[in-house]
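Taking it in order: structure first as structure tokens, then the write-up.
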């Protein structure tokens, strides 16, 4: 796009315009994604709880988010008396900016990235970890005890979970030998057994650990201690209303997708479908191929986001001490072990064994998924099993 | 004015403005927010100069770690909400004078340095060569930093450990309890 | 290309702000922030020289990384000390920490 | 044979040196452990066995090494470089100078060893004699193996110190061996000091006795005086030559300014005089008899006093003729004074101590007159028969339950025949009776004395007369000792009745030493003094300078030696006859001299008193006077106003200044930072202003 623009505009202006367009695209994508995810979350939660979810506005209630949005925009922008007004106002934007900036370095397809960075993985991690600052500020500036608790909890939790998250990111990075996300994804092209998740037992475990830890660092249930309704009213969100409130949600869904996207780039082959022996971008031409790639990538990311939702409505919330000990006593040692393990695997395991492991893991997981699906399809919920209170 | 320069001017003004903000802010958390902007600005300045790895490191260490720690500390130690500690005007005056003097001296040195011919050297090496350097030619600093970090880890944990505060009377602890509510 | 002296002046300004911050804050954590500003100023210089001085590319970056890491470590220890001070004095006002005055 | 030994067989001697050190550390560790875990247990005999075994091993090493060395000298006779490489090694221990800024060249202090005939023979002698003494001590120190020992002199009960004794002995042996094999003065000095320390420990072994601790202190302090001279020599060597290595020193010695060389020689001589108990630093040696007798044997025979003579022999090329003359006179005076004192002593060990002094004087005299081979041969032979004499004396003391007074002995040869006759061998040897080892060395020295006198035309009559006089006196007092102890009728019935022969562990070393005392210097034909094999081997190590400088004297000595032999024999016989006749008359214990002479001899020429008056007492008095100024409880206007006043005003001024300066320390962090910032700004400004 830059080269096209260069033909018509001075270089400097072209760059600014290109940057603006990229920012706009990313922002629009985040908006649309949040729009759909919020609807999706309500539908998923409804289904899990044996109800229908939103149905009234639009087909399947698809426009429910729009209606909510209109309501939020029109609400009064309320700032509590006695709060630090400046901080209270900027906190949601700090949080959103952090999540938004993470998308800058995320490649959606081969070369389809706002700013290609050599240290992409590192950058995404760094930026997403600064999202915590918005929450902390929100909690602090609200002049509300629950908010403060929420903020402090968030800070403690995210700072702790950052460690295993970074270590788990290092596991595929060790195999790839680069921090460039584009290169990492390109290395996984071809069939799905080339994905790094199936590379060896350590990456296989690392993927799950990373996913759980990422969920925690997005402060999603079961780790949503910062906004635990049953304990802290709504945590750092208590005093927020209207548009500022919705920015937090925008930030949350954005960072959920960013994390899922990072997971799919690092472990699940990025924009590679894993089913095609060729690269769509070369086979279908640049535009169509890249569109396919982007579609695949968004699909993968969204699938992981749906899993996060699924977890939220299936698992009970942990206590704060449990959250912390889970991280510091289990995830940190495990991820350290994984890092060491993957290095040892790379150095000392013969290539034949490594290749074999790849197929075993890939097809094993496939078989496991198939069996689970078949078993789930065959099992009908009986009245005894349907409710938690059915048995004393 | 090239694009680089324009971006630099924008970044520099953001950095400078928020640095001033750090100094003049009354409450500690506001200072921290301005410091956040300063640090992010510096990180982007690194990206602008071409030191990508350092920029990302600056973000993850300072913004994600140090600053959160500072705010945390501020929250743990503040006596009440939005507490400020005022400083006398004379101190401001004198401090400002010293800071100005330092700035003047450093600026003079900077200008003199800037007049020397500089070459537009190739971009600083990225993460890969840097990592190799850390394990070969610059192994000693790397080891020193590692040991230093370990020591700091132990030391900080030791310093900040909870101690039995038997010496404190009930009156004091009661006042502390009351101090928590606004 | 950005002239080297511009970057150096920016860092000088940050340094002066840091010193001013240290000199005018009574809150110990504010002083810590001033120290961070000073360290950042130094770091900017390192990175700038790494960019503009041939032969200093690697050293400049290595030193910058060292400074970042040490700053983080320093913040942790300083905070631990401040918490200790707070535990003993119930305040973080450094003007109260004058027991060693002559 | 292992590779590392085949190429550098000198390591055998290195091993012989380091083995006692290893034993020392093992014993140190074991002792520490024992004191920690079983403080009251009965001392075990193991330390003694260990130390003996280790030293015996060292002796084995050195004997193998010696034989190998002798083979090598035949094989590589014309390849001095190969010999040096095979029998010497060196590592850099400390490097000084040589920085970029330092224009002087780098110098280094090395640690190394170098084996020649002298050191090979000496090491062998020390280890062999040491092994025998160690073995003897197993029996002699048996009391120390009790958990509770009663000290009859200090009247205290204490824990046995068997292990500690061998600990010190091992250190002693190591230190001495280190001196012997060292190839540089610095290492010798290290060994030198270690010998001093070990002797301090051993002389003061019975720490509870005041006399013992005083004697230990005396030995240590008097030795320091000598060491001060040695240190001066070291400093001179370092500044003027830049190396401590002996070979380098010898090579550079002719180029040094004469006064430097002179001072260097005197300094070394001073060290030697201290260690070898030469006048005027001889007073410690008789007092050193306070240590257990095996220690005396070790000090007098093999280790400590030998070190001085050894060093004098080692450093011979550094001595100018002037210095050598001083050496000769010092030796002569020591020899006659000690001999005269020995004549009237009644303590069996003290007689031997003074005889040691006297014999050392002999050796020094020999060295001073250029009879290098003769002096060192006497050192070797003396080591054997003096060890024998001391051990025999120890056996007597042991048999008489710690009775040392000759007046209470007599007739003991019936009770302890082995001791008596082995001691007789020693007496014959030291008296210079033909075919006993002492004869060969003494004859060589005396013939050299005569040669020297003949060459100079009796320019220095004392140097001619005193040796013969001393030879006669030696013969007299040694036979006097033997007659008093073993012959005649017992003078103390009680002591005699309880006397008994020592156990085999003590008499066996005596027998071995007796064999050595007879035959160690033999050659073929046996009656030819100049045919001594040992003498010829030692002659190999003689510095070249001796051969050139004293060529004429050697010739004269050779010419006159038959006459000398008769004269010497006459002197010895005269001494023996006098002793015998006085023994017959029963007047051995009475001085038989004018009273004031007898007093002079008994009081050891008043050396101790002189030192007390001139050195010790004034020092103590000065200290007392100085102490007055510091005693607060004596209200003297003097101290309040002058000394204390001055000190107090200094202190007050400091406090006042501190009071002024401390205002700067406000305790306010921010002010400090401002000050720092201001300094930075000003400093930068100045830098920028002046370095543009």
Discussion item. Calculate the FRET efficiency for residue B:9 and residue A:191 from the Cβ-Cβ distance with a Förster distance of 35 Å, rounded to the nearest 0.05.
Written reply: 0.10
Worksheet item: In a GNM of chain C with a 10 Å cut-off on Cα contacts, which of C:71, C:48, C:80 has the highest mean-square fluctuation?
Response: C:80
Fill in: Equivalent ellipsoid, region A:78-367 (semi-axes from 5 times Cα gyration tensor eigenvalues, Å)
35, 22, 15
Worksheet, complete the sentence: Stokes-Einstein, Kirkwood over Cα pairs, region A:264-351, 4 °C, 1.567 mPa s; D in µm²/s equals 78
Discussion item. Taking a virtual spin label 7 Å from the Cα of residue A:278 along the C-beta vector, which residues in region A:177-198 bring their backbone nitrogen under 16 Å of it?
Written reply: A:190-191
Worksheet entry | Chain lengthening between residue D:628 and residue D:35 when straightened (0.36 nm per residue, less Cα-Cα) | 209.2 nm
Item to complete: Round to the nearest 0.05 the FRET efficiency obtained for residue D:462 and residue D:613 when R0 = 22 Å and r is the Cβ-Cβ distance.
Response: 0.20
Discussion item. Over region B:1-91, what is the relative contact order in percent, taking alpha-carbon pairs closer than 8 angstrom and at least six residues apart?
Written reply: 27
Practice prompt. Please build a GNM for chain A, connecting alpha carbons under 10 Å apart, and tell me which residue among A:13, A:169, A:292 fluctuates the most.
Written response: A:13
Worksheet, complete the sentence: In Å, the Kirkwood estimate of hydrodynamic radius for region B:25-97 over Cα pairs equals 14.0
Worksheet, complete the sentence: For region A:1-74, averaging the sequence separation of alpha carbon pairs under 8 Å that lie six or more residues apart and dividing by its residue count, the contact order in percent is 18
Worksheet entry | log10 of Debye I(q)/I(0), alpha-carbon scatterers only, for region D:459-523 at 0.26, 0.28 Å⁻¹ | -1.08, -1.09
Practice prompt. Based solely on C-alpha atoms, express the radius of gyration and the Dmax of region A:1-74 in angstrom.
Written response: 19.1, 59
Discussion item. Please compute the length gained on full extension between residue D:664 and residue D:71, using 0.36 nm multiplied by the number of residues separating them and subtracting their Cα-Cα distance.
Written reply: 205.4 nm
Practice prompt. Would you compute, from DSSP H runs of 4+ residues alone, the mean residue ellipticity of the protein assembly as shown at 222 nm, taking -39500 (n - 2.57) per run and dividing by the full residue count, rounded to the nearest 500?
Written response: -23500 deg cm²/dmol
Discussion item. Given a Förster distance of 60 Å, report the FRET efficiency between residue A:325 and residue D:79 from their Cβ-Cβ distance, rounded to the nearest 0.05.
Written reply: 0.15
Discussion item. For the pair residue A:369/residue A:55, report the inter-label distance in nm, with labels modelled 7 Å from Cα in the Cβ direction.
Written reply: 3.2
Worksheet item: Rounded to two decimals, what ratio of Rg to Rh does chain D give with C-alpha atoms and a Kirkwood Rh?
Response: 1.06
Worksheet item: Roughly how many nanometres apart are two label points built 7 Å out from the Cα toward the Cβ at residue D:602 and residue D:214?
Response: 1.8
Worksheet, complete the sentence: Compactness check, chain C: C-alpha Rg relative to the 2.2 N^0.38 Å globular estimate gives 1.31
Fill in: For region A:56-120, projected area of the alpha-carbon convex hull averaged over all directions, nm²
7.9
Worksheet entry | Compactness of region D:529-628, expressed as Rg and Dmax over alpha-carbon positions, Å | 24.2, 68
Worksheet item: Three principal axis extents, largest first, for the C-alpha atoms of region D:72-219, in Å?
Response: 62, 48, 23
Practice prompt. Return a whole-number percent for the relative contact order of region A:1-145, with Cα pairs under 8 Å and 6 or more residues apart as the contact set.
Written response: 21
Worksheet entry | C-alpha long axis of helix D:437-456 to longest principal axis of chain D, angle in ° | 80
Worksheet entry | Rh by Kirkwood over Cα pairs, then Stokes-Einstein D for the protein assembly as shown at 0.692 mPa s and 37 °C, µm²/s | 81
Fill in: Label-to-label distance, nm, for residues given as residue D:91 and residue D:325 (7 Å Cα→Cβ offset)
4.6
Worksheet entry | region D:267-338 versus region D:429-499: alpha-carbon centroid distance in Å | 18
Worksheet entry | Of C:37, C:79, C:14, the one that fluctuates the most in a GNM where chain C has Cα springs shorter than 10 Å | C:79
Discussion item. Whole angstrom only: what separates the Cα centroid of region A:176-222 from the Cα centroid of region D:525-541?
Written reply: 92
Worksheet item: Rg to Rh for region A:105-213: what is it, with Cα atoms only and Rh by Kirkwood?
Response: 1.09
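Read-outs: derived from the displayed coordinates by stated rules, not from any lab. Keep in mind that what you see is a predicted model, and the values were worked out from it rather than measured. Here the Cβ is made from the backbone with ideal geometry for all residues, glycine too, and neighbour counts use every protein chain on show.
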